[in-house]
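First the structure, in the form of structure tokens, and then the observations on it.
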Amino acid sequence: MIGQRIKTLRKEKKLTQSQLADGIITKSMLSMIENGKAETSMRSLREIAKRLDVSVQSLLIDPREADLQQIVEEIEYVQGTLDSWSDEAVQKALLPYVELDMNSVWQGKAYTLLADSVFNSGDEQELLDLYDRAIVAFERLEEKEELIMARISQAFYLLMWNRFDEAIERIDTLELLDSRSMKTKTRVEFSMLMVFRNMLYEDDLQDSIRRLEGTLDYMKRTKMYYRVDDVYRTIAICALYLKDEAVIVDALKKAKQYTDFTGDVSMQIRLAMTEALYAIDYRNLKHLKEQIEVMERLLEGKTEFIAALEMSRGVYHALSGDTEAGRQSFLSLLEHHDNWAKHGFVDQAIYFEGLLIGTDCGCGEDWVPMIEREIARFPEGRFRRYLSSMVTKIKG
């Protein structure tokens, strides 16, 4: 890549190889350097840079890499917020850099961002292939933390698609690593992956809570906080299924303290969604209405469809006895099924439960056949059993 930059600058200066090489190196050596077949010494590089009237650093740093770094950092900065880049915008910005010859960590990161951007297209193989390319890049560059994060993401997607055996192969590789040597961000993502696996397949939610509490203790010791709100919310969701209200209330309280401190709107929306689940499970209509109002206020001016909000509205109307308003919300949720059908099984189970609560309250049963079909795709475990029991009760 240095050779290519030398060649480009030489041509811009309208110098021949002989003119540039004169008194520094031989013409044949310069030709080999420009074609990537030889490397130059730092002394020669300084002389070449001087003759080209540029800095040595400009030859060492690929300007394309600097541009790519800026794009990747801009995308990562707003990830998970209301200002996140659209899939189309990510692809338009990053695709020009995919096939370039860049031995760069930023290209590896670009592969992972592109992989995430194709998730909604449903092309599982393309997503996995892009992560494979990222893994190869990180392995070559010995970027340990980025490599682990890529493997975690790949395993997470495979679990989401119920490709359990493939996911476990990757998880087994990760479990050979000492999580104590991982940096905070990597360690949190690894813990969340293990909890997701547990919730879907192993049904040991107490163990999930213990793992998450251990992760929180680690963050407190290191004073490095990452996804604290998500960790507390996940503890609350695990406790919801265990019917442990004390743990739910404590986890939601601590999540709120953190989100209030940061003022992050996306965090506040996610917390309100989790609070709504708690209100639904305990049939607390006053609290449910409050959380719906919080979500509506925070999302004011945003036009995209939010499945959790529409489900919460439907359940609130259904439990309040306004079956027609509830039915309209549930039909809207059903209409957008193609969007949230790509979510993970945990999210889908929550939406299906809301729809079935609506049926139980007399809001209709248009969605029951679809739910029956979708439940059959779920892994054997808590969510499949619970939803199947709800359907059986409804059908009598």
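The values are calculated or read from the model by the stated rules, or taken from the named source; none is laboratory data. Because the structure is a prediction, the values reported are computed rather than measured. Ideal geometry is used to build each Cβ from the backbone, glycine not excepted, and the neighbour counts take in all protein chains shown.
Remarks
- Cross-chain or 6+ apart pairs with Cβ under 6 Å, the range 224-239 first and closer than 13 Å to THR186 by Cα, then assigned to a helix (DSSP H, G or I): MET224/THR184; TYR225/MET219; TYR226/THR184; TYR226/LYS185; TYR226/VAL188; ARG227/VAL188
- Condition met for LEU158 (part of a helix (DSSP H, G or I), hydrophobic (A, V, I, L, M, F, W, C) and within 24 Å of VAL118 (Cβ to Cβ)): yes
- Test: residue in the range 136-152 that is under 26 Å from ARG377 (Cβ atoms) and surrounded by fewer than 17 Cβ atoms within 10 Å (Cβ to Cβ): no
- Of all residues in the range 31-55, those satisfying the criterion of being surrounded by 14 or more Cβ atoms within 10 Å (Cβ to Cβ) and not small (Gly, Ala, Ser) are MET32, ILE33, GLU34, THR40, LEU45, ARG46, GLU47, ILE48, ARG51, LEU52, VAL54.
- Residues that are under 30 Å from ASP244 (Cβ atoms) and over 22 Å from the mean Cα position of the chain (by Cα) occur at least once in the range 331-348.
- Candidate set from the range 32-53 (those that are more than 44 Å from the chain's Cα centre (by Cα) and in a helix (DSSP H, G or I)); member that is farthest from LEU15 (Cα to Cα): ARG43
- If the condition is being outside any helix (DSSP H, G or I) and under 20 Å from GLU124 (Cα atoms), then the range 162-209 contributes ASN162, ARG163.
- Restricting the first member to the range 27-45 and to residues that are modelled with pLDDT of 90 or more, and the second to residues that are exposed (fewer than 11 other Cβ atoms within 10 Å of the Cβ), the beta-carbon pairs closer than 7 Å and six or more apart or on different chains are LYS27/SER18.
- Here LYS256, LYS289 are screened, and the one residue that is closer than 19 Å to LEU216 by Cα, free of Cβ contacts under 8 Å to residues at least 60 places away in the same chain and not small (Gly, Ala, Ser) is LYS256.
- Scan the range 71-86 for residues that are buried (at least 16 other Cβ atoms within 10 Å of the Cβ) and either of a type in the set (D, E, K, R) or without any contact (Cβ under 8 Å) to a residue 40 or more places away in the chain (or both) and the total you get is 3.
- Among the residues of the range 258-299, those that are within 21 Å of the chain's Cα centre (by Cα), of a type outside the set (A, V, I, L, M, F, W, C) and surrounded by 16 or more Cβ atoms within 10 Å (Cβ to Cβ) comprise TYR258, THR259, ASP264, SER266, GLN268, ARG270, THR274.
- The set of residues in the range 325-356 being in contact (Cβ under 8 Å) with a residue 24 or more places away in the chain, hydrophobic (A, V, I, L, M, F, W, C) and farther than 22 Å from LEU200 by Cα consists of PHE330, LEU331, LEU333, LEU334.
- Criterion applied to VAL346, VAL294, VAL315, VAL368 was being over 25 Å from VAL249 (Cβ atoms), of a type in the set (Val, Ile, Thr) and out of contact with any strand residue (DSSP E or B) (no Cβ under 9 Å at 6 or more places or on another chain), and the one residue passing it is VAL368.
- Of the candidates LEU20, LEU59, LEU68, LEU95, the single residue that is in a helix (DSSP H, G or I), loosely packed, with under 13 Cβ neighbours inside 10 Å, touching a residue at least 12 places away in the same chain (Cβ under 8 Å) and not basic (Lys, Arg) is LEU95.
- Where a residue in the range 370-396 is closer than 21 Å to GLN206 by Cα and its partner, wherever it lies, is among the charged types (D, E, K, R) and in a loop (DSSP other than H, G, I, E, B), with Cβ under 6 Å and at least six apart: GLY381/ASP203; ARG382/ASP203
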